[in-house]
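Take a look at the structure below.
Nothing in this text is a laboratory measurement; each read-out follows from the coordinates by a stated rule. Just so it is clear, the model here is predicted, and its values are computed rather than measured. Reconstructed Cβ throughout: ideal geometry from the backbone, glycine too, with neighbour counts over all protein chains shown.
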Amino acid sequence: MPDQRHSPDVLPAAELLALDRQHVWHPYGPMPGRQDPLVVASASGVRLRLAEPSEGQDELVDGMSSWWSAIHGYNHPALNEAVTGQLGRMAHVMFGGLTHEPAVRLAAKLVEITPAGLEHVFLADSGSVSVEVAVKMCLQYWRSVGRPAKTRLLTWRGGYHGDTWQPMAVCDPEGGMHELWSGVLPRQLFADAPPSGFGAPVDPAYVAHLRSLVEAHADELAAVIVEPVVQGAGGMRFHNPGYLRVLRELCDEFGVLLILDEIATGFGRTGALFAADHAGITPDVMCLGKSLTGGYLTLSATLCTARVADGISRGEVPVLAHGPTFMGNPLATAVALASIDLLLGQDWQREVKRIEAGLLEGLTPAASLPGVKDVRVLGAIGVIQLDHQVDMSSATRAAVREGVWLRPFRDLIYTMPPFVTGDGDLARICRGVVAAAKEA
Ligand SMILES: *Cc1c(COP(=O)(O)O)cnc(C)c1O
């Protein structure tokens with residue numbers, strides 16, 4: 001037999017899976033994993049092509065946008081072109097002492113399209129790192145302006161901000177992925193979760209609760225950090241944007257910075273370009289990631305106002321001591337620019353509205369199914385919440401039988417399809433979500 005060690009593309013799926021089981025750690029899993037993952041051979045448009053059929057399907061319509069990121073689908077000619085064009089110039093150069101066009105243009109573009117007042121951009125390599133940078137900016141700001149005791153963070157329950165240490169400390173402290181570390185993590189302050197419902201009226205009692213916490217802890221609070229409008233991986237809950245205006249006012253009144261984590265919500269997902277736009281507010285610091293590159297490469301951005309940057313830069317140590325090796329990576333920044341151009345070059349609001357209507361039509365009937373607690377839709381996000389934990393393996397299999405890729409968690413079966421999902425594929429995704437809810 002010829003030596004095929006240097007042709008990984010000829011490895012049969014069974015062999016790949018054996019190696020995967022032996023060596024490869026997957027997200028939030030034990031080693032080895034409890035179930036074999038599906039092997040994806042290629043992807044284009046909204047379809048994932050499997051190396052070998054599963055439940056009789058060799059192609060799956062992607063209901064997950066690869067965790068909120070692939071808004072334009074896979075193998076998109078314009079995004080491919082952005083990467084290969086940049087590849088011919090340079091894949092990477094260090095960012096210390098050097099700069100380059102894609103990173104500069106991306107920073108300028110982000111300043112242009114995000115809420116007015118965000119002026120400066122720190123590029124890093126993942127969402128979690130952008131949250132680390134945001135927290136570091138806020139703590140350092142207060143230290144620089146002579147308020148070094150302001151080191152704590154306030155958030156509301158039900159949030160998710162990533163898996164590195166500072167983000168973990170502001171994830172929901174109960175029932176989440178990081179509960180194990182509650183005694184070890186820095187102890188931050190938690191308000192109750194915001195009342196559910198994008199359209200539910202602002203609850204004065206909840207506003208008073210937020211106010212009392214910010215007021216009581218103003219001397220030690222560096223920042224309030226929340227996901228605006230949609231709490232994603234913490235429970236797929238929506239809230240009235242009015243609470244963001246309340247937080248903005250409280251932060252201004254009591255001298256606390258406001259960080260909005262738009263890593264999941266940014267770039268149109270909720271129906272506004274940024275979820276902060278629903279509230280018409282500007283945070284002091286904003287985190288972007290996930291769909292920033294259209295799902296092509298890992299990249300995040302932390303934006304801040306001139307006040308935050310000036311404060312840091314006038315301090316005793318007038319530098320932000322952070323500098324990831326792959327900061328401003330040319331391939332990632334080039335494809336991010338192309339993805340933003342692609343998004344803004346079309347009537348993306350109409351596409352997101354169309355998907356919202358399709359999800360409402362396809363998912364609402366499931367509200368009467370036994371075991372279903374709630375069905376909710378906002379922008380291009382559809383959620384079925386059960387009254388019990390999902391049996392992930394059987395729910396996933398039920399969706400795959402319908403030709404749909406989903407990744408349920410906890411009591412949630414949810415979808416955030418690529419914006420390019422056509423009406424037929426969208427109806428199929430809804431059938432997959434409903435089938436998974438019935439099976440789970
Ligand atoms: C995914 C996510 C993160 C973490 O981003 P990574 O790129 O996975 O590190 C942080 N905040 C929110 C709101 C997210 O959805």
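Given 37 °C and 0.692 mPa s, compute D for the chain with the Stokes-Einstein relation, Rh being the Kirkwood radius over Cα pairs; round to the nearest whole µm²/s.
Values: Rh = 22.7 Å.
It diffuses with D of about 144 µm²/s by this estimate.
Indicate the gyration tensor shape class of the stretch 25-96 (rounded, prolate or oblate), computed on the Cα atoms with a ≥ b ≥ c the square roots of the eigenvalues: a/c under 1.5 is rounded; otherwise a/b larger than b/c is prolate and the rest oblate. Walk me through the intermediate numbers first.
Numbers: a/c = 2.51, a/b = 1.50, b/c = 1.67.
The shape class here is oblate.
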Report summary line: For Asp411, the residues 5 or more places away or on another chain with a placed amide H closer than 5 Å to its own amide H are Val390
Query - Most to least packed among 303-312, 281-290 [average Cβ atoms within 10 Å] - result: 281-290, 303-312
Query raised in the report: Between Leu154, Ile263, Ile429, whose Cα lies farthest towards the positive end of the dipole of the chain when Lys and Arg beta carbons carry +1 and Asp and Glu beta carbons carry -1, centred on the Cα centre?
Result: Leu154
Query - Computed magnitude of the charge dipole of the stretch 88-199 (debye, nearest 20; Cβ of K, R +1, Cβ of D, E -1) - result: 440 debye
**Report entry** Ranked packing of 326-335, 150-159, most packed first, by mean Cβ within 10 Å
**Finding:** 326-335, 150-159
**Report entry** Among Ala336, Met392, Phe419 - extreme Cα towards positive end, dipole of the stretch 313-435, charges at beta-carbon
**Finding:** Met392
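With 32 Å as the limit, write out which pairs from Lys290/Lys353; Lys109/Lys353; Lys136/Lys373 have Cα-Cα distances beyond it, or answer none. Write down the numbers at each step before the final one.
Numbers: Lys290/Lys353 21 Å; Lys109/Lys353 24 Å; Lys136/Lys373 39 Å.
Violating the 32 Å limit, Cα to Cα: Lys136/Lys373.
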Requested in this report: Could you go through the stretch 59-73 in sequence order and give the Karplus-derived ³J(HN,Hα) for each residue, using 6.51 cos²θ - 1.76 cosθ + 1.60 with θ = phi - 60°, rounded to whole Hz, and x for Gly and Pro?
Outcome: 9, 10, 6, 7, x, 10, 6, 6, 6, 6, 9, 7, 5, 9, x
Report task. Hey, can you grab everything whose amide H is under 5 Å from the amide H of Thr305? Only 5+ residues off in sequence or another chain; H modelled, so Pro and N-termini drop out. Result -> Glu119
Report task. Kindly express, to the nearest 10 degrees and within the range 0 to 90, the angle between helix 423-439's C-alpha long axis and the longest C-alpha principal axis of the chain. Result -> 90 degrees
Query raised in the report: Residue by residue, what Karplus-based ³J(HN,Hα) values in Hz, rounded to whole numbers, does the stretch 142-150 have, using 6.51, -1.76 and 1.60 with θ = phi - 60° and x for Gly and Pro?
Result: 5, 4, 5, 9, x, 10, x, 6, 7
Query - Residue-by-residue Karplus 3J(HN,Hα) for the stretch 18-23, coefficients 6.51, -1.76, 1.60, Hz, glycine and proline x - result: 5, 5, 4, 4, 6, 10
Report task. Send over the Kirkwood Rh of the stretch 156-227, from the inverse of the averaged 1/r over different Cα pairs, rounded to one decimal Å. Result -> 13.3 Å
Query raised in the report: Among Ala200, Leu221, Gly127, which residue has its Cα positioned farthest towards the positive end of the charge dipole of the stretch 113-235, with +1 placed on the Cβ of Lys and Arg, -1 on the Cβ of Asp and Glu, and the dipole taken about the Cα centre?
Result: Leu221
Requested in this report: Would you work out the charge dipole size for the chain about its Cα centre, treating the Cβ of every Lys and Arg as +1 and the Cβ of every Asp and Glu as -1, and quote it to the nearest 20 debye?
Outcome: 300 debye
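Per DSSP H run of at least 4 residues, take -39500 (n - 2.57); add these up for the chain, divide by its residues and hand me the 222 nm value, nearest 500 deg cm²/dmol. Mind showing how you got there, number by number?
On the way: 14 runs with 163 residues, N = 440.
-11500 deg cm²/dmol, from helical runs alone.
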